[in-house]
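Taking it in order: structure first as structure tokens, then the write-up.
Quick note: the coordinates plus some simple rules give every number you see, no bench work behind them. For clarity, every value in this text was computed on a predicted model and none was experimentally measured.
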Amino acid sequence: MPIRISPSILSADFANLERDLNRISTADLVHVDVMDNHFVPNLTLGLPIVERIQEVSPLPLDVHLMIDDADRWAPRYAETGAFSVTFSAEAAANPRQLIKDIKSAGSRASVAIKPGTPIEPVLDYLDELDMILVMTVEPGFGGQSFIDETMPKLRAARAAIDDSGRDVWLEVDGGINDATIVTAIENGADTIVAGSAVYASDGTDPNERIAALRRVAATVA
């Protein structure tokens with residue numbers, strides 16, 4: 001099973017964002033966290049910044065919306081040219097229609113669930129999705145600890161994907177490091193979001209950290 005690494009720029013230097021985008025050139029995607037200070041208690045960046053990131057990023061954008069009124073806003077993020085747009089299951093009034101709207105705008109469609117949200121309602125529309133994101137921390141802030149209790153949902157999603165025979169990616173986001181990436185992959189994840197583990201506080205080159213995560217992933221994938 002191929003393992004994809006999607007570094008979160010939530011841990012990058014926002015004053016030098018283009019530089020930090022180019023420091024993760026060996027990754028598969030760049031994870032862009034959009035937070036509105038309503039759905040989650042944090043405010044990051046919005047549509048104009050994502051449009052600009054799209055213009056300068058060396059990697060496809062993996063846009064993760066942690067915002068209210070996803071039905072209105074998610075298609076507009078897809079229109080930026082983002083490779084993938086993830087909306088929060090808890091913020092969508094009509095997820096099936098929203099999936100169609102995101103795809104019509106040119107992006108892969110993905111849904112995220114919080115640690116306390118059941119996976120079963122999402123699996124009801126698995127055949128329409130391109131990716132499921134299981135949050136392994138409470139959404140809103142980087143640097144949190146991995147929540148092991150989310151693993152049963154990850155296993156359930158992996159089983160449903162495998163049974164469907166479809167190429168649906170299974171992403172995890174939150175608390176990823178050299179140890180928890182093993183847990184995530186062993187439980188079915190194939191797409192890994194890593195923030196502080198890539199943009200390390202000790203000054204290690206981000207591409208070196210990506211290479212280290214890939215080496216660990218290769219031992220279990």
Straight-line reach from Lys153: which lysines have Cα under 21 Å away, leaving out those fewer than 8 places along the same chain?
Lys114
Let me see the P(r) profile for the range 94-166: every Cα-Cα distance counted, bins of 10 Å, each bin given as a percent of all pairs.
18, 46, 31, 5
Amide H partners (placed H, <5 Å) of Leu133, local residues excluded
Val111, Ala112, Ile113, Glu171
For the chain, what is the convex hull volume of the alpha-carbon atoms per residue, in Å³?
106
Which ³J(HN,Hα) values in Hz, rounded to whole numbers, follow from the phi angles of the range 155-168 under the Karplus curve 6.51 cos²θ - 1.76 cosθ + 1.60, where θ = phi - 60° and Gly and Pro get x?
5, 5, 5, 4, 4, 5, 5, 4, 5, 6, x, 9, 8, 9
Quickly estimate the mean residue ellipticity at 222 nm for the chain, helices only: each DSSP H run with n ≥ 4 gives -39500 (n - 2.57), and the total goes over all residues, rounded to 500.
-9500 deg cm²/dmol
What list of ³J(HN,Hα) values in whole Hz, one per residue of the range 95-102 in order, does the Karplus curve 6.51 cos²θ - 1.76 cosθ + 1.60 (θ = phi - 60°) give from phi, with Gly and Pro shown as x?
x, 5, 5, 5, 4, 4, 5, 5
Aspartates and glutamates whose Cα lies under 14 Å from that of Lys100, excluding same-chain neighbours fewer than 8 positions away:
Asp71, Glu79, Asp127, Glu128, Asp130
